[in-house]
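The values are calculated or read from the model by the stated rules, or taken from the named source; none is laboratory data. Worth saying up front: this structure is predicted, and the values here are computed from it rather than measured. All Cβ positions, glycine included, derive from the backbone under ideal geometry; neighbour counts span all protein chains shown.
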């Protein structure tokens, strides 16, 4: 039987250097809060308990996380005084099972991977394992002190390290996997007799060594996995690092980026082969691209499914839309939620579509608004056409059946149905259903006033 696994996330820091009213762990990286990244990662594992230690802005942190992660059973523990990492973990003891193991993580260290945490848990065979990294410049970081046999014997903080200890390049990430029994045993014994007068979590390493426990250290695959965020500069740097990793993975899968440094992925993106992404494109939420998709500069794509061989021209906004195969869109088109574009349809420049289905082979050419509509196959919607779906109180449906032709600058006042192969004359205001194969006019007869004199400037 697998031992129970708890996750303790320390998220009580104020983040003064952020210069923000928002708690540090709620700052965003790749479109997700720092704390959200940690939660998403650790819950790829089989986790029995999640304990979050909160402090500054605790109510705000709880409200935000509980809203987004209502499906996760989270226990919240307040750290009313900031007395160090050891104290932060200690306040969880009343909620922490005495059996099993705990991963100790940090709400401002967002990018530790599931693979690394799995390896860290597997490495804990004697009571404790930890994540370390060898770096060129360890200044300011806790050093891993080993004995002559290479076994870990202590962690020394920068302010407490002597000259020889400061030369050590292996640093402590602060991320551990520890048997709960040891946490219950060691944490009450912590002392703040040190340069910072804080209760160091690292002191549990000394206690374990004193009892002959072999502490296993592993290193992450990527150094950014242990990078914390304390200010805006570090957040921006980590953002670019993470974006580079996401882009590199997609390049391996066959996606071509015009400039890998000028794209942002704020969620998840999967793509087929021979996809091209131009500069300044932003992906948000869950996005799926088929094969041979071509996306030009400046597009924003959110929670969208885009089929094979689609072409998005510059500066389109796609929000929660489903796009079939062989579709051309834009430039400057706006697809709002619940839009469906069927295979081989076309949406031209400055077109807005909302909560509508556009049938196979149909065209909404330019400068048009289509809302709350069902459009059949091979329909032509001319320039400046508007489905008038809102009467000030209610939204109503417009139905345009197969092969219909809607002339430029027509207004279709919903609820209304345009029949199969019907034609609506340009400039018409249509308030009644149009029969199949009929031609509908809904405009005043043209008149002419001869010898008209334009006003002159006074």
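Does residue 230 satisfy the criteria of being modelled with pLDDT under 95 and under 27 Å from the mean Cα position of the chain (by Cα)?
The answer is yes for residue 230.
Among the listed residues 216, 275, 282, identify the single one that is touching a strand residue (DSSP E or B) at 6+ places or on another chain (Cβ under 6 Å) and over 30 Å from residue 320 (Cβ atoms).
216
State whether one or more residues within the stretch 45-54 are more than 21 Å from residue 225 (Cβ to Cβ), out of contact with any helix residue (DSSP H, G or I) (no Cβ under 6 Å at 6 or more places or on another chain) and at pLDDT 95 or above.
Yes, because at least one residue in the stretch 45-54 is more than 21 Å from residue 225 (Cβ to Cβ), out of contact with any helix residue (DSSP H, G or I) (no Cβ under 6 Å at 6 or more places or on another chain) and at pLDDT 95 or above.
Being at pLDDT 95 or above and under 14 Å from residue 176 (Cα atoms) narrows it down to one residue among 105, 111, 96; which is it? Can you show your working first?
Details: 111 fails: under 14 Å from residue 176 (Cα atoms); 96 fails: under 14 Å from residue 176 (Cα atoms).
The unique qualifying residue is 105.
In the stretch 220-230, is there at least one residue being over 23 Å from residue 33 (Cβ atoms), in contact with a strand residue (DSSP E or B) (Cβ under 8 Å, 6 or more places away or on another chain) and surrounded by 18 or more Cβ atoms within 10 Å (Cβ to Cβ)?
Scanning the stretch 220-230, I find no residue that is over 23 Å from residue 33 (Cβ atoms), in contact with a strand residue (DSSP E or B) (Cβ under 8 Å, 6 or more places away or on another chain) and surrounded by 18 or more Cβ atoms within 10 Å (Cβ to Cβ), so the answer is no.
Here are the criteria: (1) over 15 Å from residue 84 (Cα atoms); (2) touching a strand residue (DSSP E or B) at 6+ places or on another chain (Cβ under 6 Å); (3) surrounded by 16 or more Cβ atoms within 10 Å (Cβ to Cβ). Tell me which single one residue 169 does not satisfy.
Just one mismatch for residue 169, condition (3).
Let's see how each residue does on (1) touching a strand residue (DSSP E or B) at 6+ places or on another chain (Cβ under 8 Å); (2) more than 18 Å from residue 375 (Cβ to Cβ); (3) in contact (Cβ under 8 Å) with a residue 60 or more places away in the chain; (4) assigned to a loop (DSSP other than H, G, I, E, B):
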residue: 287; (1), (2), (3), (4): yes, yes, no, no
residue: 309; (1), (2), (3), (4): no, yes, no, yes
residue: 325; (1), (2), (3), (4): no, no, no, yes
residue: 331; (1), (2), (3), (4): no, yes, no, yes
residue: 337; (1), (2), (3), (4): yes, no, no, yes
residue: 344; (1), (2), (3), (4): no, no, no, yes
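Conditions (1) outside the structural domain of residue 120 (by TED's automatic domain parsing); (2) in a strand (DSSP E or B), marked per residue:
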site	(1), (2)
183	no, no
192	no, no
198	no, no
201	no, no
221	no, no
237	yes, no
241	yes, no
259	yes, no
264	yes, yes
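Being assigned to a loop (DSSP other than H, G, I, E, B) and either assigned by TED's automatic domain parsing to the domain that holds residue 211 or within 17 Å of residue 226 (Cβ to Cβ) (or both) is true for just one of 162, 172. Which residue is that?
Answer to the selection: 162.
Please pick out the residue among 239, 296 that is surrounded by 15 or more Cβ atoms within 10 Å (Cβ to Cβ) and under 19 Å from residue 330 (Cβ atoms).
296
I need the full set of residues from the stretch 185-210 which are in contact (Cβ under 8 Å) with a residue 60 or more places away in the chain, under 18 Å from residue 94 (Cα atoms) and surrounded by fewer than 17 Cβ atoms within 10 Å (Cβ to Cβ), in order please.
Within the stretch 185-210, just 188 meets the criteria.
Of the residues in the stretch 366-378, how many are closer than 18 Å to residue 330 by Cα and either in a loop (DSSP other than H, G, I, E, B) or not assigned by TED's automatic domain parsing to the domain that holds residue 416 (or both)?
Total meeting the criteria: 3.
So, residue 182, is that one crowded, with 17+ Cβ neighbours inside 10 Å and under 22 Å from the mean Cα position of the chain (by Cα) or not?
No, not satisfied.
Of all residues being touching a residue at least 40 places away in the same chain (Cβ under 8 Å) and crowded, with 19+ Cβ neighbours inside 10 Å in the stretch 374-409, which is farthest from residue 339 (Cα to Cα)? Just the residue, please.
382
Of all residues in the stretch 434-448, which are assigned to a loop (DSSP other than H, G, I, E, B), in contact with a strand residue (DSSP E or B) (Cβ under 8 Å, 6 or more places away or on another chain) and closer than 20 Å to residue 384 by Cα? Let's see the steps before the verdict.
Looking only at the stretch 434-448, we keep the residues that are assigned to a loop (DSSP other than H, G, I, E, B), and these are 435-438, 441-448.
If we keep only those that are in contact with a strand residue (DSSP E or B) (Cβ under 8 Å, 6 or more places away or on another chain) as well, we get 438, 442-443.
If the condition is that a residue be assigned to a loop (DSSP other than H, G, I, E, B), in contact with a strand residue (DSSP E or B) (Cβ under 8 Å, 6 or more places away or on another chain) and closer than 20 Å to residue 384 by Cα, then 442, 443 are the ones that fit.
Among (1) touching a helix residue (DSSP H, G or I) at 6+ places or on another chain (Cβ under 6 Å); (2) closer than 24 Å to residue 182 by Cα, there is one condition residue 64 misses while meeting the rest; what is its number?
Of (1) touching a helix residue (DSSP H, G or I) at 6+ places or on another chain (Cβ under 6 Å); (2) closer than 24 Å to residue 182 by Cα, only one is false for residue 64: (2).
Is it the case that residue 110 is buried (at least 23 other Cβ atoms within 10 Å of the Cβ) and touching a helix residue (DSSP H, G or I) at 6+ places or on another chain (Cβ under 6 Å)? Before the answer, list the steps.
Details: buried (at least 23 other Cβ atoms within 10 Å of the Cβ): yes; touching a helix residue (DSSP H, G or I) at 6+ places or on another chain (Cβ under 6 Å): yes.
Yes.
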